[in-house]
1. Mind counting the residues in segment 65-94 that are open to solvent by less than 50 Å² (accessible area, probe 1.4 Å) and acidic (Asp, Glu)?
2. Would you mind telling me which numbered condition in (1) out of contact with any strand residue (DSSP E or B) (no Cβ under 8 Å at 6 or more places or on another chain); (2) of a type in the set (A, V, I, L, M); (3) assigned to a helix (DSSP H, G or I) Ala273 fails?
3. Looking only at segment 95-118, which residues are loosely packed, with under 15 Cβ neighbours inside 10 Å and in a loop (DSSP other than H, G, I, E, B)?
4. Considering only segment 178-267, give the strands (runs of 3 or more DSSP E) lying wholly within it that have at least 1 residues that are small (Gly, Ala, Ser).
5. Determine, yes or no, whether Ala46 is more than 30 Å from Thr361 (Cα to Cα), modelled with pLDDT under 85, surrounded by 10 or more Cβ atoms within 10 Å (Cβ to Cβ) and more than 20 Å from the chain's Cα centre (by Cα).
6. Quick one: would you say Glu226 is acidic (Asp, Glu), open to solvent by 40 Å² or more (accessible area, probe 1.4 Å) and free of Cβ contacts under 8 Å to residues at least 24 places away in the same chain?
7. Does Gly92 qualify as being over 16 Å from the mean Cα position of the chain (by Cα) and on the phi > 0 side of the Ramachandran plot?
Amino acid sequence: NSSQNSAVLNINNQKTSRQMSTSTYSKLALALLFATLTADTTTAFAMPNQSYLSTIPEGPPDAILGIAEAFKSCTDANKVNVCVGAYRDSTGKPWILPSVRKAEASLLADASANKEYAPIAGDAAYVKLALGFAYGADADLSNVAGVQSLSGTGACRIGGHFLSKFVPKPEGFDKVPIYIPSPTWGNHIAIFNEAGMDVRRYRYYDSKTNRLDYDGLIEDLKDAPEGSVILLHACAHNPTGCDPTMDQWKAISDLIKTKSHHVFFDSAYQGFASGDAEADASALRHFVSEGHQVVLAQSFAKNFGLYGERTGTLSVVCGSAEEKSAVMSQLKLIIRPMYSSPPIHGSSIVRTVLTDEALTTEYYDNCREMASRIQ
């Protein structure tokens, strides 16, 4: 049949054309690849004679995390990590709190859960629970401005930026001074420097007696210019573990009030310090009861074992609803260009634990277990 033969011939011609086309393209591609590999590429990838990158000096390793990296690379079977403040079990392994594991299982089983962005200020339900944990379950939080933060480090950074921007500078100062204890957590200095504050020190620990240098502390806070920011560790002072007695805390509060200083509490160990979260919050709650409009950086890294989840809050005790509204607006303006909104997994764990009575009870047992083992 002539029409069938013609159709077959046409199909064969199309196949041949496609094969030739494919073959041609393959040859062209190989030729182009060969030309690229053998060509002089100095012009295509030419770099300027002096790039600004070549002038950047090598930065020093972090004093804390740098040692942690050295520990990981060490092959000695008897190595001991005495650097990073993270809890380990009797085998030297990280311990996920049983209450945290159960909270995560509950979250995974929740079909309504999603991965949407959190608001700029974070999960409001989590923030309310976290502030109740710090200030007290019966505390009036109506005038406390609070936002979720990237753990305690992020809280300190937001707080430092806020104070640097709004606290009046003492006469003769170009920046708002913040007095931090000597010694202190190594990152405090860099955080508050980067936040634009004038970082100064006050005496805290006497290495000769291995005790609090209370007289030196009082003298330095008296000498600090009126209206300075004073950083206080809420409990389990890092790195010494030495805290003032309650009577000493009361005297420090009175002095700070007399000098019109501004109080910045850093709370990284509530519950983890003594095993009693209520006792560990005593200093903070006393200052609030005395009328201090404290700024609080709060972390759940140590006490919940959520080191890698970066879970915390930054809060400011305000004098009125109007102050709270203004402060919240400014905290959001700081956060938005910095990291936009916080991660939600760690905060969801804390929220789940603190809203479930059984998990809350188990969590407090977990805290006591960690604290008693350390002690």
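1. Final tally of qualifying residues: 1.
2. (3)
3. Residues satisfying the conditions are Ile96, Asp110, Ala111, Ser112, Ala113, Asn114, Lys115, Glu116, Tyr117.
4. Because the criterion is at least 1 residues that are small (Gly, Ala, Ser), the strands (runs of 3 or more DSSP E) in segment 178-267 that meet it are 262-267.
5. no
6. no
7. Yes; evaluated as a whole, the condition is true for this residue.
Residues are listed down the side, and each one gets a yes or a no for (1) open to solvent by 50 Å² or more (accessible area, probe 1.4 Å); (2) modelled with pLDDT of 95 or more; (3) of a type outside the set (Gly, Ala, Ser); (4) under 17 Å from Tyr126 (Cβ atoms):
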site	(1), (2), (3), (4)
Asp280	no, yes, yes, no
His286	no, yes, yes, no
Val295	no, yes, yes, no
Gly308	yes, yes, no, no
Ser325	yes, yes, no, no
His345	yes, yes, yes, yes
Arg351	yes, yes, yes, yes
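The values are calculated or read from the model by the stated rules, or taken from the named source; none is laboratory data. Bear in mind the structure is a predicted one, so any value in this text is a computation, not a measurement. For neighbour counting, all protein chains shown are included, and Cβ atoms are generated from backbone atoms with ideal geometry for every residue, glycine included. Ligands, DNA and RNA are excluded from the accessible area calculation, which covers all protein heavy atoms including side chains. Shrake-Rupley method; radii C 1.70, N 1.55, O 1.52, S 1.80 Å.
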